[in-house]
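The values are calculated or read from the model by the stated rules, or taken from the named source; none is laboratory data. From a predicted model like this one, the values you see are computed outputs, not experimental measurements. Every residue, glycine among them, receives a Cβ derived from its backbone with ideal geometry; neighbour counts consider all protein chains shown.
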Amino acid sequence: MTMTSKERVHAALERKPADRVPVYMWFHPGTAAHLAQLLEIPPAFVGEAMGNDVCQTWVNNNYAMEGITHVKEGEQHTDFWGITWEKVGHFNQIAKFPLADVGPEELLMYSFPSSHTNELLALMSPLSGAGRDSFIGCDVSPCVFEMYWRLRGMDNVLLEMATDRDLTNTMMGRCADFAVSLARRACREMPLDWLWTGDDVAGQDALMMSPEMWRDLIKPHLQRVFDVGKEAGLWIAYHCCGSLRPIIGDLVDMGLDVLNPIQSRCPGMNALELKREFGRDLAFMGGVDTIGLLPHGSADEVRKGTSELIEGMTSDGGGYILAASHTVPPETPDENIFAMYEAAGVSKEEIFDRAAEIRKRCQVQGVRGQKSGE
């Protein structure tokens, strides 16, 4: 029997049988634009057409990075936090850190944009019409470390973590305070299924700080964000790119339910090994290689690799959401994308049928589609 997205994701997280593995795929802007043209729909609807089972958006600073798009290279905007972002290639990059050159006194006087809380939470409004069959998430990341370095600059923060623990602890605590305030309101006012948290604290080879320093300065504040979702009875998801293997056990102890994105090429991050070690307590989202297999393998290799990943990651009956280890890159052949979805039980015909329904809906609502040559 076909399940709704809400039923499918909850079943997977509860290690119960589902009609197919749930999917939550992120697309590089170039990939999204190409698929929109192929499916003749607006880019904003690509995830829906491709079968994403999670409806989610940002209410914290990640909206300023990912939710505001510019057309021309070099275009800028300054967000509610005072961070200036500039379009570089397909993505927004930080052009100015507002607290990069200030002293401790001025640093401690910085005010988070609490006056804009209503505007930030309103970003969830488009999801209010998703319906009771949808699995709804609210992204309150970045929560602690990543939020602080976006304000202060990475070099400054890493130096101060080693030389001024009290100042760093205070500022990271204030970053977490803001994430907590957003999370509390979101959990109270919105029909959520999970609370999405995150901080990129790892590089491609190792953590950016020692595990002991993470436990001392970041973990207690991140725990407060987790606790908000737990108290509301929600699943807790956490995003961190890179090699974070040394702290996965800590995240499990903190009550984490879902870890993303599982970049298997990073040391200690082989998806199947993590499943064997932590799968009893932790679900996973990600793991499809976006560096080698997906863009450069054959369609048969992608289909086989994805099938083996799904089989291994659902060995206990569930505990897995299919996703790539990063955004699906624009050099990925169409046949590889459809082969990945086929392995998940989502056919190409089903995708094009959903796109046709979206086109009809857009015509009724007056939303212009994306046709070849436009």
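Tell me which residues, restricted to segment 251-276, are over 21 Å from L222 (Cβ atoms) and not basic (K, R).
S264, P267, N270, A271, L272, E273
Here's the yes/no breakdown for (1) without any contact (Cβ under 8 Å) to a residue 40 or more places away in the chain; (2) under 21 Å from the mean Cα position of the chain (by Cα); (3) surrounded by 21 or more Cβ atoms within 10 Å (Cβ to Cβ):
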| site | (1), (2), (3) |
| --- | --- |
| Q263 | no, yes, yes |
| G268 | yes, yes, no |
| E273 | yes, no, no |
| R280 | yes, no, no |
| H296 | yes, no, no |
| D300 | yes, no, no |
| I310 | no, yes, no |
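Among (1) surrounded by 12 or more Cβ atoms within 10 Å (Cβ to Cβ); (2) out of contact with any Cys (no Cβ under 7 Å at 6 or more places or on another chain); (3) in contact (Cβ under 8 Å) with a residue 40 or more places away in the chain, where does I136 come up short? For I136, the failing item is (2). Residues in segment 60-87 that are modelled with pLDDT under 95, within 21 Å of the chain's Cα centre (by Cα) and β-branched (V, I, T): I68, T69. Taken together, the residues in segment 139-159 that are surrounded by fewer than 19 Cβ atoms within 10 Å (Cβ to Cβ) and farther than 18 Å from T84 by Cβ amount to 2.
I'd like the full set of residues that are among the aliphatic types (A, V, I, L, M) and in a helix (DSSP H, G or I), limited to segment 55-100. Break it down stepwise before answering.
Taking segment 55-100 and keeping what is among the aliphatic types (A, V, I, L, M), we get 59, 64-65, 68, 71, 83, 88, 94-95, 99-100.
Selection gives A64, M65.
If you check T332, T290, T327 for being in contact with a helix residue (DSSP H, G or I) (Cβ under 6 Å, 6 or more places away or on another chain) and surrounded by 15 or more Cβ atoms within 10 Å (Cβ to Cβ), only one passes: T332. A single entry from D177, D199 fulfils the requirement of being surrounded by 22 or more Cβ atoms within 10 Å (Cβ to Cβ) and either among the charged types (D, E, K, R) or within 13 Å of I247 (Cβ to Cβ) (or both): D199.
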